[in-house]
1. Residues of segment B:125-161 being of a type outside the set (D, E), in a loop (DSSP other than H, G, I, E, B) and either within 8 Å of chain A (Cβ to nearest Cβ) or surrounded by fewer than 17 Cβ atoms within 10 Å (Cβ to Cβ) (or both), which ones?
2. Can you name every residue in segment A:15-59 that is over 16 Å from A:Q119 (Cβ atoms), within 12 Å of chain B (Cβ to nearest Cβ) and in a loop (DSSP other than H, G, I, E, B)?
3. Residues to consider are B:L83, B:L35, B:L93, B:L69; find the one that is of a type outside the set (D, E, K, R) and open to solvent by less than 40 Å² (accessible area, probe 1.4 Å).
4. When segment B:199-229 is examined, which residues are found to be free of Cβ contacts under 8 Å to residues at least 40 places away in the same chain, more than 7 Å from chain A (Cβ to nearest Cβ) and in a loop (DSSP other than H, G, I, E, B)?
5. If you go through segment B:177-193 one residue at a time, how many are open to solvent by less than 10 Å² (accessible area, probe 1.4 Å) and not in a strand (DSSP E or B)?
6. What helices (runs of 4 or more DSSP H) lie completely within segment B:240-343 and have 1 or more residues being at pLDDT below 95 and more than 14 Å from every other protein chain (Cβ to nearest Cβ)?
7. I'd like to verify a number: residues in segment A:60-76 that are part of a loop (DSSP other than H, G, I, E, B) and within 30 Å of B:F165 (Cα to Cα), how many?
8. Before we move on, is A:E164 in a loop (DSSP other than H, G, I, E, B), crowded, with 20+ Cβ neighbours inside 10 Å, modelled with pLDDT of 95 or more and of a type in the set (D, E)?
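The values are calculated or read from the model by the stated rules, or taken from the named source; none is laboratory data. Here the structure is a predicted model, which means the values were calculated and not measured. Here the Cβ is made from the backbone with ideal geometry for all residues, glycine too, and neighbour counts use every protein chain on show. Just so you know, the surface numbers come from the protein's heavy atoms only, side chains and all, with ligands and any DNA or RNA stripped out. Shrake-Rupley method; radii C 1.70, N 1.55, O 1.52, S 1.80 Å.
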There are 2 protein chains.
Amino acid sequence: MATTLTRTHQSGKLREEHIGQEVILNGWVSKRRDLGGLIFADLRDRSGIVQVVFNQDFSEDAFKLADSLRSEFVIAVKGKVILRDPETVNPNLATGTIEVQVTELEIMNAAKNPPFFIQDDIDVEENIRLKHRYLDLRRPEMLNNFQVRHKVTKVIRDYLDTNEFMEVETPMLTKSTPEGARDYLVPSRVQPGSFFALPQSPQLFKQLLMVAGFEKYFQIARCFRDEDLRADRQPEFTQVDIEMSFMTLEQFQAMMEEMMAKVMQEVKGVEVPLPFPRLTYQEAMSRYGSDKPDTRFELELVDITSIAAECSFKVFNDIASKGGLVKGINAKGCGDFSRKDIDDLTSFVARYGAKGLAWMVVTEDGIKSQIAKFFSEDEIKQIVTAFEGEPGDLLMFVADKPKVVYDSLGNLRLLLGKQLKLIDESKYNFLWVTDFPLLEWDADEKRYVALHHPFTMPLDSDLSLLDSEPENVKAKAYDMVLNGYEIGGGSMRIYQKQIQEKMFSLLGFSDEEAKQKFGFLLEAFEYGTPPHGGMALGLDRLVMILTGRQSLRDCIAFPKTASATCQLTNAPNEVSAKQLKELHIKTTSINID
Amino acid sequence: MATTLTRTHQSGKLREEHIGQEVILNGWVSKRRDLGGLIFADLRDRSGIVQVVFNQDFSEDAFKLADSLRSEFVIAVKGKVILRDPETVNPNLATGTIEVQVTELEIMNAAKNPPFFIQDDIDVEENIRLKHRYLDLRRPEMLNNFQVRHKVTKVIRDYLDTNEFMEVETPMLTKSTPEGARDYLVPSRVQPGSFFALPQSPQLFKQLLMVAGFEKYFQIARCFRDEDLRADRQPEFTQVDIEMSFMTLEQFQAMMEEMMAKVMQEVKGVEVPLPFPRLTYQEAMSRYGSDKPDTRFELELVDITSIAAECSFKVFNDIASKGGLVKGINAKGCGDFSRKDIDDLTSFVARYGAKGLAWMVVTEDGIKSQIAKFFSEDEIKQIVTAFEGEPGDLLMFVADKPKVVYDSLGNLRLLLGKQLKLIDESKYNFLWVTDFPLLEWDADEKRYVALHHPFTMPLDSDLSLLDSEPENVKAKAYDMVLNGYEIGGGSMRIYQKQIQEKMFSLLGFSDEEAKQKFGFLLEAFEYGTPPHGGMALGLDRLVMILTGRQSLRDCIAFPKTASATCQLTNAPNEVSAKQLKELHIKTTSINID
């Protein structure tokens, strides 16, 4: 830096205790105002903003030069900290009672007029923010997201270090094992026709580290999935990846809970009660219609299948007697919803496959409903009792296959929770969902696929079902849920070669395929593999929740758009023919030759 | 874990204070010995080894089962800690005064006989170690490398956090900018014909974070270079990447020194004196023939070019008068080197381009040398004086272009330093090398290339030379050197658009090219860029030095071989035609269709 004005203080940290001191500040001009022979500038650096004042009397040179200042100029100023006049105090600024009388000014760099204001809560098209990401990140609310992100990882690393976990880096250039999402591939220059894959997770390597006797491993690891992106997905994402040997599931969960409690305490100042509540997958689905329930509000699903099975309403009765479910929600006090309101909700649940949304309004004089006539008085009484219905309540029902009932009512519950403002936004509700099914049937591929991944251990009590009824085997798998988001998932792993081979065979792999894809893991399992398990936490999402943002992109410094491009650098881009030739590949869509 | 024998203690941490306690240990059988009705096993876990004893009297079941134990079986034992008999104490073991009387044994997993012993200092072909990396990593000396690696990063992160640096993750899927090494490419599925590149370093992104006002950034970042690998290179490597705004070069260096001193203190218990010595590039080359001198020993290069320019020996004289250098080394006390010894050294320097290695032995009676006859007595006296030669010394000379002189003598110096055991291996000599040339001439490409990278700021005093004599411009660049290894390098960056454009033009980029490659950076520079700079430390190499290893591969959990393959997983491998089709590429060397 060629300047002589090297910073002595950070702008946002000046306070009344500094009054009388001469300070040198470096930063950006956030705003400039002229007022009767005075020039005021808000000087911003990472720590915050302080007002600096130029006046002929303090320095004629500085005053003259200050006339050329524009927003986002980078400047250095020297001056004395003074108390502001009482009437000019700015109570919204941490430095609002003081200002700096400038005696020296240096313009370190000029700036063009930025395409949007560097301030919070701007209303600018996201593509413009992404193209000028370096300006978007200047906005205090964005900077804060990354300060939180830094702090979260610091607390997690400190906790894991204290508990003797070792951070180990695993390869980014690794083997393509197409089971799960689509791989990003990297052509090899040295081995023509061969490709590396970028890791979807360090799963196999962390298990190998357990075979290696590392016992407690973690990594804050970049992972990659080449999938079509939804609003809350990114092609590259970061997970806190943890694995441990020689512990029980309960010991491991307790450790993870303690770690998250530390994060909440140190980052948000929130005390999370331990242990976290635990719900089995079955209970979560049954009560909330979701395997990642938001438990900050009630509005639970009520099951009236047994009533429906006996009732006179044919629609309910048919479904209940054919193995379907009839469940509903009691929207307390929503009896005054209009026909249009209910039509909207009906369209909403239709997105999740529900063919209709039956409803009943509870009144002082019994129920009001188009389907009331199909029920006996006693049946209605049973239903109202099941829902604990009171006058003014709106009961809504979906009758269908379990998946449709859960999806539609689970999402209806979330929608109503928001609409009726039932959610206490100050709450952080953690919980574990456990005992997931080990396998699910993939109708397209006509085979079982692993619900978590092929290395998940079945419940001890279900091992005997692996041959006879694999669809009923539950897994030693657990998800960590926060406010309706799955923020992490993990399992105890299979550590016996025989069970792992059985698992691969259930997934329809031939011996040949299993060997070709995972032979090195099966071989490793023969050399003394300890019992082990672990989990992976989605760091991007966790930071998103803790900063109260709606988009993962706000918590990733240089994110990709939904079409997996970088608006800032224009990656991906075309490359030279020479580069492709060296990699022994050709593009098939365009001719570069 | 289905066992009831959940670990209560770590094997290697048991001490006499635990005598009388009942403990449960989990780990690997390291060794088993039978001795008159007793079975002994060394039980190993991450913390170390303890001896466990099976005896019918403690438990008949355990004793029977113990008979099936083999090396690397995973077991759980329960038993009482007792004092060993004095004659069986093992002073080489931290737990050597105690043992555990086993009352319960569970075999958690069996193990095949490993292909090599799980112990330090094995003599096994590296490919076998890499193929069974999970076994290689079980060896205590390997585990230790990763414990050191974990600790180094922890200390660095703590230091940087305390100093308000924010850890920010930058993208792995980014833009190919072919300036420097060869990129690894990743075909885009969404944009046919386009490619991401894996980052060679986060250079541009960290500079953009400075534009964004983050002020103090760091990242422990994975980087990629698709180059032909030497023994100490890996296709993916890790650097501690640091960038900072609004500081002087001296402030930044002082901070980095303090950080390294912390690492040395906390990891090695070594106090490093601060500040580090500083050598200019010119001085380092002149005294050590290297820009990364190992200063743990002297054996400095002596310049006799001015004597040579006046002397009667034509070979020296010609070179000295044509702008070449004549320099040498005084190998103290090596006057008794045989002709073969000297021939070997001559062949050695020939590798670095030296056409010969002249020599003189200083004796009590003047010098002994094939070239003595070409020098006057006075010239010989001048030379001996320049080298501070004493009887028994061997003076060796190279006369050539500066590059050849430096390369050959610099490497000869290192060779002799090792051969003559001049190096104090307990020393950790840090230093800065500064004032590097900004540019070097690339004879192949017939243009200047940046010695560091195109974003390096020239010395203020040399800015005026950019137009007239760019080859003489020095850079605000600095390398951190430890024991003859460059462990880090950095610079103050160009932050003014005009200087950056000038730099690109010196590198021979057209405006078009500069814009296409780095347009987003040049544009960012227009919006208020602060003065900034930083550095990158090679983590793998630092850990290699601190663990006293000879190979980077020992400090990377799952490294690649010199042909950039993974012996464990067999990556890279062939992938399916479907995968390539989705990525819009074809291989040119083999037909997968």
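1. Listed by number, the residues that qualify are B:H132, B:L137, B:R138.
2. A:S47
3. Exactly one of B:L83, B:L35, B:L93, B:L69 is of a type outside the set (D, E, K, R) and open to solvent by less than 40 Å² (accessible area, probe 1.4 Å), namely B:L69.
4. B:P199, B:Q200, B:P202, B:D228
5. Matching residues across segment B:177-193 total 3.
6. Qualifying helices (runs of 4 or more DSSP H): B:305-310, B:314-321.
7. 5
8. Numbers: in a loop (DSSP other than H, G, I, E, B): yes; crowded, with 20+ Cβ neighbours inside 10 Å: no; modelled with pLDDT of 95 or more: yes; of a type in the set (D, E): yes.
No; evaluated as a whole, the condition is false for this residue.
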